Amino acid sequence: MLHRTIDRRFPTAAAVFIVASLAFASEPKADFVGSLELLPPGCESAGTCRLGQDFGFVDASGLGWQASKGLLTDGASIPIWAQPLVGAPFEAAFIKAAVIHDHYCDRHVRPWRQTHRVFYDALIASQVSKANAGIMYFAVMIGGPKWARLVRGRPCPVGMNCINQVNVTRSLPGSSIALGEAGELYVSRSDEYGSIRFATTLAGHLPELERAGEALTPEEVERLAAKAMAGDFYFSNGAEVGADISATLHSD
């Protein structure tokens, strides 16, 4: 009987192909789940629609983002300044990303940085060019809503700011205390798309963003946004901040 000795120090070409194929197949792909149904028919022209069924997005990490049936949407993630560039609020290429983004901006379910990043990822999944998606991502990063969960008694990290019940509105103009869906307290700021700061910051960085074109990466957008907003409370802090504030809710 003949025996064949196999050198197991090196995998065969077939084994390499199988392993590579399995690895490739297991890589999650960002994509939408379900069909976006806007009701009633023709609601886009009225400026407000509701979802006719659940609609979601799964990002590249496998994390699910879902907007529920009945959600009202006005396509608000496409502000007036961007419409000459990308189209109206209910433009087909952008409305899917806007619906997911707005749902999570309103509810503070996840940190604002993560929420704005999913807007970019959903734009790319909608076949929006990297150049346009990057510009819109930068705009949302600097002008979109921001929030941070308040953690009573947590000390401030070195170089960062905490807030308290006395000076929150005075030291953070435009911010307020909000209650999250799970009962947490947040300090939050609405979008600033109509502000002078937003207009001047965007105008000052738009040439650089446009020059990058299709080479513009989300990481570069985040770097530019952090630099442009240096010193801003929400950019200077993480998803949680220490606070000397608490609230007790009573039901009748």
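Read-outs throughout are calculated quantities, based only on the coordinates presented, and are distinct from any laboratory measurement. Here the structure is a predicted model, which means the values were calculated and not measured. Note: ideal-geometry Cβ built from the backbone for every residue, glycine included; neighbour counts use all protein chains shown.
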Structure shown: which of 69/130; 29/146; 29/96; 96/130; 29/130 lie over 22 Å apart, alpha-carbon to alpha-carbon? 69/130; 29/146
Sort 133-142, 103-112 by packing, meaning the average of other beta carbons within 10 Å per residue, with the highest value first. 133-142, 103-112
